[in-house]
1. Are any residues in segment 106-124 part of a helix (DSSP H, G or I), touching a helix residue (DSSP H, G or I) at 6+ places or on another chain (Cβ under 8 Å) and over 14 Å from residue 143 (Cα atoms), and if so, which ones?
2. Taking segment 126-139, which residues are assigned to a helix (DSSP H, G or I) and either modelled with pLDDT of 95 or more or in contact with a helix residue (DSSP H, G or I) (Cβ under 8 Å, 6 or more places away or on another chain) (or both)?
3. Can you name the residue in segment 80-92 that is surrounded by 14 or more Cβ atoms within 10 Å (Cβ to Cβ) and touching a strand residue (DSSP E or B) at 6+ places or on another chain (Cβ under 9 Å) and, of all such residues, is modelled with the lowest pLDDT?
4. So residue 104 ticks every box in (1) farther than 20 Å from residue 26 by Cβ; (2) in contact (Cβ under 8 Å) with a residue 12 or more places away in the chain but one. Which box is left unticked?
5. Test each condition in (1) at pLDDT below 95; (2) touching a strand residue (DSSP E or B) at 6+ places or on another chain (Cβ under 8 Å) for residue 103 and report the one that comes out false.
6. Quick check on this structure: which one of 12, 66 is in contact (Cβ under 8 Å) with a residue 60 or more places away in the chain, surrounded by 13 or more Cβ atoms within 10 Å (Cβ to Cβ) and in contact with a strand residue (DSSP E or B) (Cβ under 9 Å, 6 or more places away or on another chain)?
7. Give the residues of segment 15-44 that are part of a loop (DSSP other than H, G, I, E, B), without any contact (Cβ under 8 Å) to a residue 24 or more places away in the chain, within 15 Å of the chain's Cα centre (by Cα) and more than 18 Å from residue 56 (Cα to Cα), sorted by residue number.
8. Among (1) in contact (Cβ under 8 Å) with a residue 24 or more places away in the chain; (2) within 23 Å of residue 33 (Cα to Cα); (3) not in a strand (DSSP E or B), there is one condition residue 89 misses while meeting the rest; what is its number?
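The values are calculated or read from the model by the stated rules, or taken from the named source; none is laboratory data. Model, not experiment: these values are computed from the prediction. Cβ: placed from backbone, ideal geometry, glycine included. Neighbour counts: every protein chain shown.
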C-alpha cells in the first residue's frame with residue numbers, strides 16, 4: 001500500500017510534468033511552506049508557489065521525469081530530472097535533482113531540492129559557466145537575479 005505522503009509527492013511531479021503549477025501547489029500546505037534549492041534559497045510563504053507558477057509558465061519545452069519516490073508520516077524524497085532550454089541563453093539543460101520533503105497533515109511544509117549548480121551553469125551558460133560557474137562570483141549574482149525575477153513576477157501577478 002502506498003503512503004498518502006508518497007502519493008502527494010507523485011501528484012506534485014505528475015502536475016509538474018503536465019506543466020500544471022496549480023496542481024503542484026495543491027500539495028503544499030498553504031500556511032507553512034519553505035523551499036530551497038541552489039538558486040532559489042530560503043523561499044517562504046507565497047514565494048515557493050509563485051516560483052513554480054513563474055517557472056512552469058515560462059517553460060516552452062519543459063520535460064520532467066521522476067522516480068524513487070518514498071515517504072512516511074513525516075518526510076519523503078524523490079529523484080527527478082528536468083530537460084528544458086534556458087531562455088536567457090537558448091542552451092539545453094538536463095538538471096538532475098534529489099528532492100527532500102517534510103509533511104504536516106498530508107501537505108508538504110518543507111521542500112528542498114539538491115543539484116550540482118556548477119553542472120547547471122556549465123550547461124545553461126556555456127563557456128562562462130565552465131570557467132567561473134563554480135565560483136561565488138557567478139553563483140551569488142545568479143541567486144540575486146533569480147530572487148529579483150521572482151519578486152517582479154509576484155508584483156506583476158498581484159497587479
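1. 122, 123
2. 128, 129, 130, 132, 138, 139
3. 86
4. Against the list (1) farther than 20 Å from residue 26 by Cβ; (2) in contact (Cβ under 8 Å) with a residue 12 or more places away in the chain, residue 104 comes up short only on (1).
5. The number of the failed condition is (1).
6. After ruling out the rest, the residue left standing is 12.
7. Within segment 15-44, 42 is the sole residue that qualifies.
8. (2)
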